Each structure stands twice: as structure tokens, then as C-alpha cells.
Ligand SMILES: [Zn+2]
């Protein structure tokens, strides 16, 4: 199964002992989970509070037969099928149908993972995970698309090195700005934008796991009137209430 990866210089054996927790298993999280499965990551933890509905079928991930099932369960079962061909590099998948806000197991999940991916549709859940990731000195790859469906972004949080998510939200901002067009739930969703964002996020996860160059703190994607993909090295906010005290 992995022979063509080896030709690209990627050694799947190096990914066998890695764990990635994917929080939010929608049109972005599913694509990231499947991509990491296909390159040899050894363990995935899938967490999502929602059930699959017909409105989810315009994007990659779920099939009509999944409707009504918890998203995390439906996708975990799909991924475990890969163990039929991953004979020497087994895949372990844990899944939880739960809301992560105030979830007692969240710290344990974060501590056990090499990288945490957030692909939620709301800011509160992202910021909750961000705070715990910084506290535990783990790495967060946060991604999402805009309310109109045409833009997206990926943030890579390496505590002490790159900005945490709270660095981008100064507490003096008024509520209206804080709940910006990035964070509103139930917006439009375009499978094109979501898949591009998910693929760029998967690429960042792989680079981090394999210690490769080309990790950026922020990548912005804009597709409405042109094709614009821009990576940035952003600076941390010095007085950030979450990561300001942390040194590299
Ligand atoms: Zn910060």
C-alpha cells in the first residue's frame, strides 16, 4: 500500500508511532483523517459532537448510508477498513461522539497526541483547545473556511514559537469583531475550498511529524475571484494572556 510513498521519499514507518487527534470531523477533518491514514500515521483520535445529515453530503467524507450516525463513529469505521491493506503498519482509531467544551477527557486526549487538529465550526471550541494545547506544550493545527465558503486558513500553533490562536484575538476587541466571518457556525460550505484547506493542513501535519522544512504559522486561502494561497510567518502577541509567559 505504501510503496509509492517511499518513492516520494516519505517513510511510513516513521509515522507508525505517531498519534493525531482530530477535533471536528466534518468536511475538513475527514479529509485530513483519511489523508493521514493513507500515509501511515499509526493512531487517530476522532472527536465530533454531531450526527451525519444530508446537508453534509455536498463535501467529501460521508456517504448517504452514514446519515443518522455520529460523524466520529461513521468515519472511524471507514478508516478501520484500511487495516485490511495496512498489514504491517496497523491503524488504531478511537472515536468520541461528544462536545469538547468542559469535556473531562480533553486534557488526556491532548496529552496523548503528537499533534492536535481543530476543524470546528465555532470559535469557543477552538479557543478552549488552544488554551489546553499551550498549557501542555503540544502542537495545534487549526483550520477552517469562511462564512461565504470561498476563503480558508490554517494556523499552526507551536507554543513558545508561533502565535497561539488567542494571539489573533486581542481581548480589547469588541464582540462583533471577535465573532468574525471566520467563526460563525452553519455558514456556506464549498467542497473545493474545504478540500484545499484540508490538504494544506495535512501537508503541515506531515511536515511537523517528519521534521521537514516548510512549516508556516499561518496559511491563507482565497478563491472567490482568483486563486491566492499565501503562507506567513506571524509574530506572537507579547501580552497574549494564553501564551505570553511561555519561552521557546
Ligand atoms: Zn498567544
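For this structure, a couple of remarks:
- Considering the range 136-147, and only residues there that are modelled with pLDDT of 95 or more and either within 13 Å of the ligand (Cβ to nearest atom) or part of a loop (DSSP other than H, G, I, E, B) (or both), the residue that is nearest to residue 28 (Cα to Cα) turns out to be 142.
- Screening the range 122-135 for residues that are farther than 11 Å from residue 243 by Cα and away from the ligand (no atom under 11 Å from the Cβ) and picking the one that is modelled with the highest pLDDT gives 129.
- Being within 17 Å of the chain's Cα centre (by Cα) and assigned to a helix (DSSP H, G or I) holds for only one residue in 57, 36, 44, and it is 36.
- Filtering the range 61-73 for residues that are outside any loop (DSSP other than H, G, I, E, B) and surrounded by 24 or more Cβ atoms within 10 Å (Cβ to Cβ) leaves a non-empty set.
- Residue ID - surrounded by the fewest Cβ atoms within 10 Å (Cβ to Cβ), chosen from residues in the range 148-164 that are more than 16 Å from the ligand (Cβ to nearest atom) and outside any strand (DSSP E or B): 148
- For the range 163-174, the count of residues that are closer than 30 Å to residue 6 by Cα and at pLDDT 95 or above is zero.
- Of the residues screened, residue 99 is not one that is over 17 Å from the mean Cα position of the chain (by Cα) and either surrounded by fewer than 21 Cβ atoms within 10 Å (Cβ to Cβ) or at negative phi (or both).
- Tally of residues being in contact with a helix residue (DSSP H, G or I) (Cβ under 6 Å, 6 or more places away or on another chain) and within 16 Å of the ligand (Cβ to nearest atom) across the range 197-245: 5
- Test: residue in the range 101-111 that is within 16 Å of the ligand (Cβ to nearest atom) and without any contact (Cβ under 8 Å) to a residue 60 or more places away in the chain: no
- Filter pass, residue 230 being assigned to a strand (DSSP E or B), more than 15 Å from the chain's Cα centre (by Cα) and either surrounded by 13 or more Cβ atoms within 10 Å (Cβ to Cβ) or free of Cβ contacts under 8 Å to residues at least 40 places away in the same chain (or both): yes
The values are calculated or read from the model by the stated rules, or taken from the named source; none is laboratory data. Remember, predicted model here, so these are calculated numbers, not experimental data. Positions of Cβ are backbone-derived with ideal geometry, glycine not excepted, and every protein chain shown enters the neighbour counts.
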